[in-house]
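Here is the structure we will look at.
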Amino acid sequence: MIVKKGSFVIEGLENVQINIGKIGEGLEEKIEGPTPRPEIISLRNWDYRILDRYAPVYTPTSDMCDYCTYGKCDLTGNKEGACGIDLEGQSARQALMTSIMGAACHTAHGRHLLHYLIKKYGEDRLIDVGPSNLKAPLTETIMGIQPQTIGDFLPVLDYIEEQLTQLIAAANTGQEGSARDFESKAFHAGMLDLLGMEVADIIQISCMGLPKSDEKTPMAEIGMGILDSKKPVVICVGHNIAAPAYILDYMDKGGLFDKIEIAGLCCTAHDMTRYSKSAKIIGSMSKELKYIRSGIPDVLVTDEQCVRADILREAKKLHIPVIATNEKITYGLPDRSNDSIDTIIDDLASGKNEGALLLDLEKVGELVPRLAVKMAEIRKAKGITALPDQEDFRKLVAKCTKCLQCTRDCPQSLPISDAMAAAVNGDLAPFEILHDKCVGCGRCDYSCPVGIPVLNVIEKASQQVIREEKGKMRIGRGQIGDPEIREEGRNLVLGTTPGVLAFVGCGNYPDGTKDVYDVVEEMIQRSYIIITSGCAAMDVGMYKDKEGKTLYERYPGRFIKGNLLNTGSCVSNAHIAATTIKVASIFAGRKTKGNWEEIADYVLNRIGAVGIAWGAYSQKAFAIATGCNRLGIPVVAGPHGTKYRRAFIGKPYRKEDWNVLDGRDGSVINVEPAPEHLMITAETKDELMPLLAKLCFRPSDNSLGRAIKLTHYIELSEKYLKKMPDDWHVYVRNEADLPVAKREQLLKLLEEKGWKIDWEKKKITEGPLRKVDVSFQPTNVPRLCKEVKK
Amino acid sequence: MTKKEHVKPLDKTGTKTVEKPVAKPQEKPEAIDTTRQAVPFDTGNIPGPKMARAVMPAVQGKMLAKAKRPLLIVGSQIHEEDVLSRVVAMGQTGLQIAAVGNAYKSLGDKGLDVHYANMHALASYLCDPEWQGLDGKGGYDLVAFFGITYYYASQAISALKNFSKIRVISIDKYYHPNADMSFGNLKKDVFIAALDEVIKELPKR
């Protein structure tokens, strides 16, 4: 029975009314670990264990500190500034601040949604995420409670917000000064970020009818070429489904889906398709400016996160009204929340206002489709065209002086002037290649000394490929259900499924979106479980094989080897991290509630899961990565990831860093570097693939699992780097660890390295770092050992 | 006459690479100047008050030649033949090479002292005075680099600039502010010629 909040009158008892306010019974009774609701130093010992092995590597973007009025201070060469902080400390402080920003974004998103959903459905609305007993793994592990209703998340958000305030305070000048403790606090912020995301996604799944651990969600259309631009077009930009849901409801009730096109940009698009089968996806943030400049949208609706700061200026040029629906992004627009819909539409259609802040979401729902219909007529009548015509295009490309200023300002250093030169000769192919690699930032426009609108030129030249840009993406499924974990958990822990690779994050790719597709295709064919979310999930669906099928159409979406899962939007990243908790709990029976350290220790030593944020650009992505790192999950970023200024890189040559304890008796075992790094970058996809295979090694692998992982590591290195990995032998514990097909050849190589081989028995008799022990219980936490060896 | 015309194709040993111009009477050959355009190639990449000194190739070459334990780091942008041949030429002088990114795939079969490394990890190891190098024979006192994605190299060497004592010289096509010494931003032909000038200074095997 669920006891509900409210007032009750008991029959027969006159003038007696029972008021039930906050219901908290049972929530505190099930705590199983030592750190429910951890404070900012509660998990410091665990953080130190991580930092001892994976020392932070700082790559400052600036050698200066200008946080306070003592400065600017020059910290070059790790000098101290006026307040006493050195460059190492300042870099770590920036890591903390970046993590806080990301965590705050997701948590504020969750807070906004929870406020809205409680208002609509009440606090007692039951959580329903699909076939799971472990409904909120991160909440249980961090908070020590098992939430039943959406109201149970209120204290969770209170906790996160309180902790974030403490963390922000630590970053003030004259507070924390130790790089190591800044990093511990950054871990804390990252963990809070995971928690905030989980709250946000669970409540929207529970209340809004989003898929619940559904492995067979339908496909959504995706791409810049999917919309019928002859119809009125509504484009929603950002991450928060609240406002778009009202628009979709209004359109559904009015039967408007045949008359108006509605699609999303960035993660709002994910959640729109999870909410309504009629919604479509334009793409990632990289498409934002490009799509606005296409002139196709008739109305832009913004909510929060990943919305370009210049969206109003850009929209104004093309007479596209902007409806801002969230307090965090208001652009100086007049608050029209209390005005009539007709008046607002008139003001926007006439051009009196370029946009409106509208926080009454019901009004948003009605206004936006009506406004789109009206604006489509007006804009058509005005003949608004965004991109240059053929003649203008010809003149513009001819103006290029090849000064390379655009290339110097371009985040990807794209060879724009070469494409201009080719276009002068009628060859548009180089521009079409640039279109895929361009992240759509528009910095080139500002840099051109002769005033070429470079982005428009790229897009004009690429019209043919843009028209054909039509993909498919399996709609976000939400969590991985308990039954799937039961089926696959053993394979993951023993290594017979070579690993879980989670492709997450944004579109700031070093060499175009196709790289993500290529890497996913290679790894899924090797039976890795591929999980996607956010913009990476979209980009995976943008390319097709020779038969015209996307990867989502080729590979099913169950949590088993060789499958491709999309969890959903940015906040659905929580489910990816939470999957490791589920494995620890469901497969291994580890207690979760208030037991972060033990769970993270299990994940680090036993679950071959790796996150890949190949195009990460935002603070949110950094926070997610940092949270995953605290949970024992390694993350690889693309080369731009070095601009986050901090990584966690292991030193395989320092043998003492790779000691773990055997949980059976506390004995110290020197193990192979597995996983070798917690946060690192790679320069190219060629380098990325063998690195991913390597980061899936875990000390707990059994021989069959190790042989499978070793096979992929060696093959990927040979295929993409044309070499046998230098360190492959480090991961060999006995002959059974060797891939069967290459066993003899590898034994010979080991012999050349000085290992002793019994060729008659084809056995290794001397050489490995350690032996295989199927009962080995690797742990980094002494208290988890049954008997500590003295 | 353009500067490119000074460059002639490599011979098989890769050692002789720059042809002195056939000087007309009373006309001096046009010298390569690698100190121009010494501004960060990515316009926003201004780290602080200490930025690389722009120098001529001979200076870089002499630094490399004099180093006790130098390391050349090259990355994913060395696959074109004109650049690759210069990497090979440098490697053939006995210079140890760290092939980062996917550079190894063009270098592994050239008989050089070349080792794959991840650039980010390499930067970390180079900051560790205890690290014994890619071959286990000791740490490095100088690293030179080129042909790595610009911003990636710049970030990685910012670690060396601020947290190590190793001398860092950029012999890249672009000005790298975080190095101790660097070329300015060069056109391709000048860059190739500059590499040849560096090679000339290296000890012959």
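No other residue among A:531, A:524 is within 29 Å of residue A:102 (Cβ to Cβ) and assigned to a helix (DSSP H, G or I) apart from A:524. For the condition charged (D, E, K, R), surrounded by fewer than 23 Cβ atoms within 10 Å (Cβ to Cβ) and without any contact (Cβ under 8 Å) to a residue 12 or more places away in the chain, residue A:253 qualifies. Answer with yes or no whether residue A:434 is in contact with an Asp or Glu (Cβ under 8 Å, 6 or more places away or on another chain) and either away from chain B (no Cβ under 14 Å) or not small (Gly, Ala, Ser) (or both). It is false that residue A:434 is in contact with an Asp or Glu (Cβ under 8 Å, 6 or more places away or on another chain) and either away from chain B (no Cβ under 14 Å) or not small (Gly, Ala, Ser) (or both).
Counting only residues that are surrounded by fewer than 24 Cβ atoms within 10 Å (Cβ to Cβ) and at positive phi, segment A:566-593 holds 1 of them. Could you please find all residues in segment A:256-273 being within 26 Å of residue A:207 (Cβ to Cβ), open to solvent by 10 Å² or more (accessible area, probe 1.4 Å) and either touching a residue at least 40 places away in the same chain (Cβ under 8 Å) or in contact with an Asp or Glu (Cβ under 7 Å, 6 or more places away or on another chain) (or both)? Listed by number, the list holds a single entry, A:256. Checked against the criterion of being touching a Lys or Arg at 6+ places or on another chain (Cβ under 7 Å) and of a type in the set (D, E, K, R), the candidates A:676, A:672 yield just one match: A:676. Restricting attention to segment B:99-119, the residues that are touching a residue at least 24 places away in the same chain (Cβ under 8 Å) and touching a helix residue (DSSP H, G or I) at 6+ places or on another chain (Cβ under 6 Å) total 7.
Criterion applied to A:609, A:623 was being more than 10 Å from the chain's Cα centre (by Cα) and buried (at least 24 other Cβ atoms within 10 Å of the Cβ), and the one residue passing it is A:609.
Filtering segment B:80-115 to residues that are within 11 Å of chain A (Cβ to nearest Cβ) and not polar (S, T, N, Q) leaves B:99, B:100, B:101, B:103, B:104, B:105, B:107, B:108, B:109, B:114, B:115.
This table checks each residue for (1) outside any helix (DSSP H, G or I); (2) over 14 Å from residue A:502 (Cβ atoms).
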residue: A:536; (1), (2): no, no
residue: A:544; (1), (2): yes, yes
residue: A:562; (1), (2): yes, yes
residue: A:567; (1), (2): yes, no
residue: A:575; (1), (2): no, no
residue: A:585; (1), (2): no, yes
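Just one of the listed residues (A:678, A:695, A:710) is buried (at least 24 other Cβ atoms within 10 Å of the Cβ) and out of contact with any helix residue (DSSP H, G or I) (no Cβ under 9 Å at 6 or more places or on another chain), and it is A:695.
From the residues in segment A:649-670 that are part of a strand (DSSP E or B) and open to solvent by less than 20 Å² (accessible area, probe 1.4 Å), which one is nearest to the other protein chains (Cβ to nearest Cβ)? Ranking the qualifying residues of segment A:649-670, first place goes to A:649. Only strands (runs of 3 or more DSSP E) whose full extent lies in segment A:222-306 are considered here, and the ones with at least 1 residues that are among the basic types (Lys, Arg) and at negative phi are A:280-283.
Residue check: is residue A:363 outside any loop (DSSP other than H, G, I, E, B), surrounded by 15 or more Cβ atoms within 10 Å (Cβ to Cβ) and touching a Lys or Arg at 6+ places or on another chain (Cβ under 9 Å)? Criteria met by residue A:363.
The number of residues in segment B:43-59 that are more than 14 Å from chain A (Cβ to nearest Cβ) and either open to solvent by 40 Å² or more (accessible area, probe 1.4 Å) or closer than 18 Å to residue B:154 by Cα (or both) comes to 5. Segment A:68-183 holds helices (runs of 4 or more DSSP H) entirely within its bounds, and those carrying 2 or more residues that are surrounded by fewer than 19 Cβ atoms within 10 Å (Cβ to Cβ) and out of contact with any Lys or Arg (no Cβ under 7 Å at 6 or more places or on another chain) map to A:87-121, A:154-170.
The values are calculated or read from the model by the stated rules, or taken from the named source; none is laboratory data. What you are looking at is a predicted structure, and each value in this text was computed from that prediction instead of being measured. Glycine gets a Cβ as well: all are built from the backbone with ideal geometry, and neighbour counts include every protein chain shown. For the accessible areas, the whole protein counts, side chains as well, though only heavy atoms, and no ligand, DNA or RNA atoms are used. Shrake-Rupley method; radii C 1.70, N 1.55, O 1.52, S 1.80 Å.
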